[in-house]
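The values are calculated or read from the model by the stated rules, or taken from the named source; none is laboratory data. All values reported here derive from a predicted model rather than from experimental measurement. Virtual Cβ from ideal backbone geometry, glycine too; neighbours counted across all protein chains shown.
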Amino acid sequence: MMVCFDADNRLSKDCFETVLQSMAEGLFIIDSSGVIRFCNAGLERMSGLPAASIVGKRCRDIMVCACDVMSECGLLKQGTLSNLECRLKRADGTLLPVLKNGRALIDPGGIVVGGVETMTDISELILAKRKTAALEEEAHRESGRYHLLVGKSSAMQEVFELIEMAAASNANVLITGDTGTGKELAARTIHERSARSGGPLVKVNCSALPEPLLESELFGHAKGAFTGAIKDKIGRFELADGGTLFLDETGDLTPYIQVKLLRFLQEREFERVGENLTRKADVRIIAATNRDLRELVRSGDFREDLYYRLKVFPVHIPPLRERKEDIGALITHFIAKFKASTGKAIAGLTSEAALTMMDYCWPGNIRELENAIEHAFVTCRTDEIGIFDLPLEIRHVELRLNPCPPRRGEQALPFSGSFGTGGDLSKDRLLAVLKDHAGNRGKTAAALGIDRSTLWRHMKRLGLFQTGHLPSNSSR
């Protein structure tokens, strides 16, 4: 019979080892040089390896950790390890996610003689988190949300797929699109969904600074490198080490900065301004521009080799005028945002205001739409945003001389000036065109060369909303 406690209530050696062997968690003990001298049955079960294959090895031989504490024993160096996420190497070649804790063993004289580490299997927790994230992602997709972005259109669904692929890689990304389409949000989404999400996301607007200041901002400078350089400065590349550097307005880079950036992309090294010391940085580049870089390459204003270095994985965000089916989801998103910040109980838009928003071409894209909703929150005095709560340029959409630019590969619809502002459109004429298009108001408006908001006003003026006046399949 094993006796666990002596007369002084001290745990016996045999009983102590039994306790260690009965633990569900994996455990090992290292000596002062970081070599594993003991492991329990829990670690054998988790790894699928016998104790003989574990004892005599070092921590880095049996696990992989997110940070570099394995180059030398982090436990002996730091004294403690708390909730460090690692992956335990298993006999079948797979990696088991574990949460590791440890404490150094110190003798009465204050000398570190070893350490003890425990590992908890968190694979089920991670699986549960992934399932929860998948459910949340599905709910967001149904509502038109994808992380920081909003869009239900097929065009944006394709963008979301590209972002997902970009996040799963470490390749340089070039995001293109008109001003206000959300290129920075796309870059943030790629970073936050990537393996670099634990590192910094550092942003630089390449058009905001003159060349000398931009060089210093990107690469840093040494004290005395130029007038005003009173101390050493760390550049954005060093600040982004281990993370992502977002270069916005890349099309405005000067030839000199292009050469400096190309060198970094090729060699992953750089020098601070006024310094000869070569430095390295582990940085992923995401570039963005609203300019046509291919045209800039053809004109000689942008280096072709740099263009292809940046465009390893391109993501194009289409303008809002090419995906108007996203306007409703965006309006809902921004109304919720400004309701939360202002406290105003605004539920939505009137039909006339909604049609006007749909007909507008949005040259400023999503940024302009957000500003329009914010403007409406200032002017609106009811629970619905009306047409007169919208900015003036949006209210005057029906006075536009030309329709929105066509989608790529499509021809612009002919515009009939006689119908542009309402003029002499008769009831019989309007009914005939509605009938030709089975009551579809979008197609009817296109055939007449007017916007849907203008069509809606004609129908209201002519009394065509009364029962029996419209074709049975009429739709907005």
Filtering strands (runs of 3 or more DSSP E) wholly in the range 1-82 for at least 2 residues that are at pLDDT 90 or above and surrounded by 13 or more Cβ atoms within 10 Å (Cβ to Cβ) gives 26-31, 36-39
Out of the residues in the range 83-127 that are under 27 Å from the mean Cα position of the chain (by Cα) and not aliphatic (A, V, I, L, M), state the one that is surrounded by the most Cβ atoms within 10 Å (Cβ to Cβ). CYS86
Test PHE313 against the criterion of being under 24 Å from LEU201 (Cβ atoms), in contact with a helix residue (DSSP H, G or I) (Cβ under 8 Å, 6 or more places away or on another chain) and surrounded by fewer than 21 Cβ atoms within 10 Å (Cβ to Cβ), and give yes or no. yes
Would you mention how many residues in the range 272-296 are in a strand (DSSP E or B) and either more than 28 Å from the chain's Cα centre (by Cα) or aliphatic (A, V, I, L, M) (or both)? 7
From the set of residues in the range 437-462 that are at pLDDT 70 or above and assigned to a loop (DSSP other than H, G, I, E, B), which is surrounded by the fewest Cβ atoms within 10 Å (Cβ to Cβ)? ALA438
So if I check each of ASP305, ASP359, which one is outside the structural domain of GLY177 (by TED's automatic domain parsing) and either over 17 Å from LYS152 (Cβ atoms) or over 23 Å from the mean Cα position of the chain (by Cα) (or both)? ASP359
Residue pairs meeting the criteria (Cβ under 6 Å; at least 6 apart or on separate chains; first at negative phi, in the range 289-311; second among the acidic types (Asp, Glu)): ASN290/ASP178; VAL297/GLU304
In this structure, is PHE237 in contact with a helix residue (DSSP H, G or I) (Cβ under 9 Å, 6 or more places away or on another chain), aromatic (Phe, Trp, Tyr), at pLDDT 95 or above and under 17 Å from ALA187 (Cβ atoms)? no
For THR350, state whether it is touching a strand residue (DSSP E or B) at 6+ places or on another chain (Cβ under 8 Å) and hydroxyl-bearing (Ser, Thr, Tyr). yes
